[in-house]
Amino acid sequence: MKEILREIGMIARALDSISNIEFKEFDLTKGQYLYVIRICEHPGIIQAQLLEMIKVDKSTAARALQKLEKNGFIEKKDNPANKKNKNLFPTDKARAVYPFIRKENDYSDQVALSGFSEEEAETAFGLLQRIRKNVEKDWESVKKGNKRNY
């Protein structure tokens, strides 16, 4: 069997490394840009929804969100419907950097798909979505404390 996940991992790590270097000038490190972009796209999102969206655990997200709040990228506000939840909002600083992050993301997509026809790009996108959905089933199960049977 082809080692597809190794390829996906190498792509993800390379792009993450590039982003961490390029976003350093904005005081964004270690994948914090992922949080900023999702919060800008979904102002008022709660932490649990954000975790689900970017597939990280609570402690990782809590540390990243704490740093983002300290560095002025996000603001936490009480959720009137549930006092345990905080709604996350982008600050002016986050909204100012958002277009650059989107531009970098679009450029990375363009580079990754260079030489692909529109049809090939659509096929790749569809196949990757299927892979993600398959993996999400295991992710959900393991998150709940279950073991995978290899």
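Would you kindly calculate the translational diffusion coefficient of the chain, applying Stokes-Einstein with the Kirkwood radius from alpha carbon pairs, for 10 °C and a viscosity of 1.306 mPa s, and quote it in µm² s⁻¹ without decimals?
Values: Rh = 17.3 Å.
Value of D from the Cα-based Kirkwood radius: 92 µm²/s.
From Cα pairs below 8 angstrom and at least 6 apart in sequence, can you work out the relative contact order of the chain, rounded to a whole percent? Before the final figure, lay out the partial values.
Details: 101 pairs, mean separation 28.4, N = 150.
Relative contact order comes out at 19 percent.
Give the accessible surface of the chain per residue, rounded to a whole number of Å², with probe radius 1.4 Å and ligands, DNA and RNA excluded. Numbers along the way, then the final one.
Details: 11060 Å² over 150 residues.
Accessible area per residue: 74 Å².
How much of the accessible area of region 75-150, probe 1.4 Å, is carbon plus sulfur, in whole percent?
Here it works out to 52 percent.
State, to one decimal in nm, how far the label point of LYS133 lies from the label point of ASN20, with both points 7 Å from Cα in the Cβ direction.
Result for the modelled spin labels: 3.2 nm.
Which part of region 123-147 falls in the paramagnetic zone of ILE4, meaning amide N under 12 Å from the point 7 Å along Cα-to-beta-carbon?
124-135
The values are calculated or read from the model by the stated rules, or taken from the named source; none is laboratory data. Please read these numbers as outputs of a predicted model, since none were measured by experiment. Please note: Cβ atoms are built from the backbone with ideal geometry, for glycine as well, and neighbour counts cover all protein chains shown. The protein model used for the area step is the full one, side chains on, heavy atoms only, and it has no ligands, DNA or RNA in it. Shrake-Rupley method; radii C 1.70, N 1.55, O 1.52, S 1.80 Å.
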